[in-house]
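Read through the structure below, which is laid out as C-alpha cells, and then see the notes.
The values are calculated or read from the model by the stated rules, or taken from the named source; none is laboratory data. Only a predicted model underlies this, so the values are computations on that prediction, with no experimental measurement involved. With ideal geometry, Cβ positions are generated from the backbone for all residues, glycine too; neighbour counts draw on all protein chains shown.
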Amino acid sequence: MITIAIVNNKGGVSKTTTAVNVGAGLAKRGKKVLLVDLDGQANLSQSLGVGLNGKSIYGVFKGSNGIEPKEINKNLHVMPASESLSELELELVSEFEREKFLKYALDEVKDDYDFAIIDCGPSKGLLTVNALTACNDIIIPLQSEFLAMQGVKSLTDLVFRVKKSLNPTVRILGVLITMYDKRKILNKSVASEISQHYPVFETFIRENVSLAEAPTAKLDIFKYAPKSMGAKDYSSLTDEILSKYE
Ligand SMILES: Nc1ncnc2c1ncn2[C@@H]1O[C@H](COP(=O)(O)OP(=O)(O)OP(=O)(O)O)[C@@H](O)[C@H]1O
Ligand SMILES: [Mg+2]
C-alpha cells in the first residue's frame with residue numbers, strides 16, 4: 001500500500017476535492033483505494049455521502065476500533081471523520097507515541113489496498129503530524145496567489161522536522177496548483193516561482209464549477225460531470241501520480 005497525505009495548513013486550497021477525486025480516479029483505474037478523513041469538519045465523508053455515526057477515525061485514535069471503513073464501491077472505501085476529532089489533540093496530549101497512532105492503524109490494513117489517501121484539515125497540529133508520519137508521500141495543493149510561497153515554506157519546515165525524527169523516508173511527491181486561472185498573470189508567476197524550489201505537478205487543476213457542485217450531489221467528479229474540465233484535470237493528475245510509481 002502506498003500512502004499519500006494531502007496536506008496544507010492553509011484552508012480552502014482544494015485538499016478535500018483532491019483527495020476525493022484522486023481517490024476516485026485511482027479506483028476507476030482498478031486500484032483498491034482507502035480514503036481517510038482526518039479533518040473534524042468531515043468534508044470528505046460528507047461529500048461522498050458517508051454518515052458520521054459508527055466507527056470513525058476518532059475511534060482509531062482512542063483505541064476503540066481499527067480502520068473499518070464504509071464502502072462507496074468495490075474499489076473505494078472511506079474511513080470517516082467524526083466531529084469529536086477537534087477535541088482529540090487535547091485528549092491525547094499525554095499519550096506515548098501519539099504521533100504514530102495512524103501509522104500503526106494503517107499498517108494493519110496495508111495488504112487490503114493499493115493506495116491510502118489521507119485528507120488533512122487546515123492545521124499543522126497532531127493529526128497532520130500523524131498523517132506526515134504515516135505516509136510515504138505528500139501532495140501539497142496550492143492556490144497560486146500572493147504569499148503562497150511563504151505558506152509552502154512553513155509547511156515544508158514541518159515536513160523536514162517530521163522527516164528527521166519520525167519518518168525518514170517521507171517525500172514531497174509534488175505541489176499541485178489548484179483553482180488555476182490562466183488569465184491571471186499572478187497565477188502564472190507564482191506557479192513558476194514555486195517550481196524553482198519544489199517539484200510541481202505538470203497537471204494544473206483549473207477553476208471549474210462542477211468541482212464545487214459535485215459534493216452537494218455526494219458524487220465524485222467522474223460520476224457527477226464526466227465531461228467537465230474538472231474530470232479531465234483530475235484524470236490527468238491521476239495518470240501523472242501513477243506514472244511516478246511505475
Ligand atoms: N478547481 C476548483 N474549481 C472551483 N471550485 C473548487 C475547486 N477546487 C475546490 N473548489 C471548491 O472550493 C472550496 C474549497 O475546496 P476544498 O474543500 O477542497 O478545500 P480544502 O483545502 O479541503 O479546505 P479545508 O482547508 O477547509 O479543508 C470547496 O467549496 C470546493 O468545492
Ligand atoms: Mg478539506
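Below are the figures for this structure:
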{"item": "Sole residue being within 16 Å of ligand 2 (Cβ to nearest atom) and not polar (S, T, N, Q), chosen from Lys153, Lys164, Lys124", "result": "Lys124"}
{"item": "Residue list for region 1-17, filter: of a type outside the set (Gly, Ala, Ser) and near ligand 2 (Cβ under 9 Å from one of its atoms)", "result": "Ile6, Val13, Lys15, Thr16, Thr17"}
{"item": "Flag for Val152 being within 27 Å of Glu246 (Cβ to Cβ), out of contact with any Gly (no Cβ under 9 Å at 6 or more places or on another chain), at pLDDT below 95 and not in a loop (DSSP other than H, G, I, E, B)", "result": "yes"}
{"item": "Criterion violated by Met79 - all others in (1) of a type outside the set (Ser, Thr, Tyr); (2) within 14 Å of ligand 2 (Cβ to nearest atom); (3) on the phi < 0 side of the Ramachandran plot satisfied", "result": "(2)"}
{"item": "Test result for Ser144, loosely packed, with under 15 Cβ neighbours inside 10 Å, of a type outside the set (A, V, I, L, M), within 24 Å of Leu132 (Cβ to Cβ) and in contact (Cβ under 8 Å) with a residue 12 or more places away in the chain", "result": "no"}
{"item": "Any chance Asp239 is under 17 Å from the mean Cα position of the chain (by Cα) and surrounded by 16 or more Cβ atoms within 10 Å (Cβ to Cβ)", "result": "no"}
{"item": "Condition met for Asp233 (surrounded by 15 or more Cβ atoms within 10 Å (Cβ to Cβ), acidic (Asp, Glu) and more than 14 Å from ligand 1 (Cβ to nearest atom))", "result": "no"}
{"item": "Residues located in region 160-176, provided they are surrounded by 19 or more Cβ atoms within 10 Å (Cβ to Cβ), touching a helix residue (DSSP H, G or I) at 6+ places or on another chain (Cβ under 6 Å) and within 14 Å of Cys135 (Cα to Cα)", "result": "Val162, Asn167, Val170"}
{"item": "Restricting region 213-230 to residues that are among the basic types (Lys, Arg) and either over 19 Å from the mean Cα position of the chain (by Cα) or surrounded by 20 or more Cβ atoms within 10 Å (Cβ to Cβ) (or both), the residue that is farthest from Gly49 (Cα to Cα)", "result": "Lys227"}
{"item": "From the options Gly49, Gly25, residue that is within 16 Å of ligand 1 (Cβ to nearest atom) and within 15 Å of the chain's Cα centre (by Cα)", "result": "Gly25"}
{"item": "Condition met for Leu35 (crowded, with 22+ Cβ neighbours inside 10 Å, under 15 Å from the mean Cα position of the chain (by Cα) and within 16 Å of ligand 2 (Cβ to nearest atom))", "result": "yes"}
{"item": "Region 79-103, subset among the hydroxyl-bearing types (Ser, Thr, Tyr) and surrounded by 13 or more Cβ atoms within 10 Å (Cβ to Cβ), residue farthest from ligand 1 (Cβ to nearest atom)", "result": "Ser84"}
{"item": "Count of region 168-189 residues which are within 16 Å of ligand 1 (Cβ to nearest atom) and over 20 Å from Ile4 (Cα atoms)", "result": "7"}
